[in-house]
Amino acid sequence: MDRKIIPFNKPALVSGEIELVAEVLQQGHMAGDGVYTKKCNNLLELITGAQKVLLTTSCTHALEMTALLLDIQAGDEVILPSFTFVSTVNAFVLRGARPVFADIRPDTLNLDESKLEALITPHTRAIVPVHYAGVGCEMESILAIAHQHGLKVVEDNAHGLFGKYRGKSLGTFGDLATQSFHETKNISCGEGGAVLINDPALNDRAEILREKGTNRSRFFRGQVDKYTWVDIGSSYLPSEALAAVLYAQLTAREEIQSRRRHIWERYASTLSGWAQQHNVRLPIIPEYCQQPYHMFYMLMPSLEVRTRFISWMKDHGVTCVFHYLPLHLSQMGEKFGGKIGDCPVTEDISDRLVRLPLFYNLEDSELDDVIEQILAFKQF
C-alpha cells in the first residue's frame with residue numbers, strides 16, 4: 001500500500017465555515033461589503049488595534065492599495081527586503097517606482113535596519129519592512145529613520161497576524177499595513193487580505209480606491225445623495241462568501257493558534273539537540289517579539305545538504321519546501337540593477353532555508369512521523 005504523503009500545508013477547517021457560507025447563499029447577497037465583510041473589518045480592528053481595517057481580495061491587492069494611497073509615482077524609490085514575496089515589490093513597481101533592495105538580518109531574517117540609511121536618497125518615498133515568519137522587524141529603529149527622513153512606512157504583515165513587537169501588534173506601527181488570508185496563512189479564506197490604516201487622513205480615500213474610484217461607500221451611509229467616479233481605483237472587495245469563511249476562522253482563532261503553537265513548540269523542543277549536532281540553525285525569536293507560530297524553518301549548512309534533506313523527506317512521505325529566491329537576482333530584479341553580492345545574507349539564507357509542515361489539521365501521528373524522519377536524516 002502506498003505511503004500517505006504529509007503535505008507542507010493544508011488549509012485550516014474549523015466548525016462554522018459551511019454554515020456561514022450557506023447563510024450567505026440563502027440571504028442572496030454575494031458581493032462584497034456585506035454583513036460578514038463588515039464583521040471581519042470590525043473584528044480585525046479589535047484584534048490588532050488598527051485604527052481602520054478594510055478587507056480586500058488578497059494581500060497583493062492590499063499592497064497595491066497602499067501604493068495608491070501614498071501616491072507613489074514614476075521615479076520614486078521604495079526600500080524593501082530582497083527576501084520577500086514578489087507581491088511586495090510589484091505593488092510599487094506597478095506605480096512606476098524603483099525598488100531598492102535591502103539585505104536581511106542573519107538572526108530574524110527581517111530587513112536589516114542597520115543598512116537602511118545608506119540606501120536612502122532624495123527619491124526615497126517609503127520603507128516596506130516585512131515581518132518574516134511573523135516575527136517583528138526592529139520597528140523602533142525603522143520608524144526613527146523614517147521620521148528623520150520624512151518617509152512613509154508600510155508593514156507587509158502577511159505572516160504576522162497575532163504577532164507583536166514590544167507588546168504592540170504588528171501592523172499598527174506603519175502609516176499602513178497589509179494582511180494575508182491566503183490558504184497558507186494561519187487564518188484563511190483561500191484568497192483574501194486586508195489593508196490596515198493607521199493614519200486617519202487616509203480613511204476616506206482608501207474606501208474610494210477600494211470601490212473602483214467611486215464614493216459608493218459614502219452613498220450607502222447616506223452621506224451623499226448619489227455616487228460617482230471621484231478618483232482612480234479598482235475592485236478590491238472580496239466576495240461575501242469568502243468573508244463568511246474568514247469570519248468563522250477568526251472567531252476560532254484561539255483554537256487555531258493553540259494548535260499551531262503546540263506543533264511549533266514540538267519541533268523546537270525535539271529538534272534542538274539534532275540541530276546542534278548537525279550544524280542546523282532553528283528559528284531565533286527575540287524575547288521582545290511575540291510570534292504567531294506561522295512558520296517553522298531550519299537553516300541547513302549548505303544548499304547541497306538542503307537539497308538532500310528535501311529529497312530524503314519526500315522519499316519518506318513528508319513534503320518540505322524552501323522559500324523565497326532573492327528578488328534582486330531575479331530577471332526583473334536585474335533590470336533594476338540587482339547583482340550578486342548586493343544582499344549577501346539574503347543570498348546565503350535563500351540557499352539554505354527549508355520549511356517544515358505546519359498547519360492546524362496536522363495530526364499528532366503525522367507530526368511524530370515528520371520528526372522521526374528528520375532525526376533519521378544523516379548529512380554524510
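The values are calculated or read from the model by the stated rules, or taken from the named source; none is laboratory data. Keep in mind that what you see is a predicted model, and the values were worked out from it rather than measured. Because the Cβ atoms are built from the backbone with ideal geometry, glycine has one as well, and the counts that use them run over all protein chains shown.
Do we have any residue at all in segment 241-260 that's basic (Lys, Arg) and at pLDDT below 90? Let's see the steps before the verdict.
Restricting attention to segment 241-260, the residues satisfying the condition of being basic (Lys, Arg) are 253, 259-260.
Subset that is at pLDDT below 90: none.
No: segment 241-260 contains no residue that is basic (Lys, Arg) and at pLDDT below 90.
Which residues, taken from segment 42-68, are surrounded by fewer than 18 Cβ atoms within 10 Å (Cβ to Cβ) and in contact (Cβ under 8 Å) with a residue 24 or more places away in the chain? Can you show your working first?
Just the residues of segment 42-68 that are surrounded by fewer than 18 Cβ atoms within 10 Å (Cβ to Cβ), to begin with: 42-43, 45-47, 49, 51-52.
Listed by number, the residues that qualify are Leu43, Ile47, Gly49, Gln51, Lys52.
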Item to complete: Would you be able to say whether some residue in segment 87-99 is assigned to a strand (DSSP E or B), crowded, with 23+ Cβ neighbours inside 10 Å and in contact with a His (Cβ under 9 Å, 6 or more places away or on another chain)?
Response: yes
Worksheet, complete the sentence: Expected single match for outside any strand (DSSP E or B), in contact with a Phe, Trp or Tyr (Cβ under 8 Å, 6 or more places away or on another chain), among the hydrophobic types (A, V, I, L, M, F, W, C) and under 15 Å from Leu44 (Cα atoms) among Ala194, Ala248, Ala243 is Ala243
Worksheet item: Among the residues of segment 327-340, is there at least one that is of a type in the set (D, E, K, R), in contact with a Lys or Arg (Cβ under 8 Å, 6 or more places away or on another chain) and not assigned by TED's automatic domain parsing to the domain that holds Val86?
Response: no
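Looking at segment 343-367, which of its residues are in a helix (DSSP H, G or I) and either of a type outside the set (Ser, Thr, Tyr) or assigned by TED's automatic domain parsing to the domain that holds Asn186 (or both)?
Pass one, segment 343-367, residues in a helix (DSSP H, G or I): 344-352, 364-367.
If the condition is that a residue be in a helix (DSSP H, G or I) and either of a type outside the set (Ser, Thr, Tyr) or assigned by TED's automatic domain parsing to the domain that holds Asn186 (or both), then Pro344, Val345, Glu347, Asp348, Ile349, Asp351, Arg352, Asp364, Glu366, Leu367 are the ones that fit.
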Discussion item. So, in segment 279-298, exactly how many residues are under 20 Å from the mean Cα position of the chain (by Cα) and not in a loop (DSSP other than H, G, I, E, B)?
Written reply: 4
Worksheet entry | Residues of segment 299-331 classified as closer than 15 Å to Leu109 by Cβ and assigned to a loop (DSSP other than H, G, I, E, B), total | 6
Practice prompt. Can you run down the residue pairs with Cβ atoms below 8 Å, 6 or more apart or on separate chains, where the first is in segment 329-353 and under 12 Å from Ala102 (Cα atoms) and the partner is assigned to a helix (DSSP H, G or I) and among the acidic types (Asp, Glu)?
Written response: Gly341/Glu347
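Can you tell me how many residues in segment 21-38 are buried (at least 18 other Cβ atoms within 10 Å of the Cβ), part of a helix (DSSP H, G or I) and out of contact with any strand residue (DSSP E or B) (no Cβ under 8 Å at 6 or more places or on another chain)? Spell out the reasoning first.
If we filter segment 21-38 for residues that are buried (at least 18 other Cβ atoms within 10 Å of the Cβ), which is where we start, we get 21, 24, 32-34, 36-37.
Checking which are part of a helix (DSSP H, G or I) leaves us with 21, 24, 36-37.
Filter once more, so that each one left must be out of contact with any strand residue (DSSP E or B) (no Cβ under 8 Å at 6 or more places or on another chain): 21, 24, 36.
Final tally of qualifying residues: 3.
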Worksheet item: Would a scan of segment 125-137 turn up a residue that is surrounded by fewer than 24 Cβ atoms within 10 Å (Cβ to Cβ) and in a loop (DSSP other than H, G, I, E, B)?
Response: no
Discussion item. Looking at segment 216-249 only, could you name the residues that are over 21 Å from His29 (Cα atoms) and in contact (Cβ under 8 Å) with a residue 12 or more places away in the chain?
Written reply: Thr228, Trp229, Val230, Asp231, Ile232, Gly233
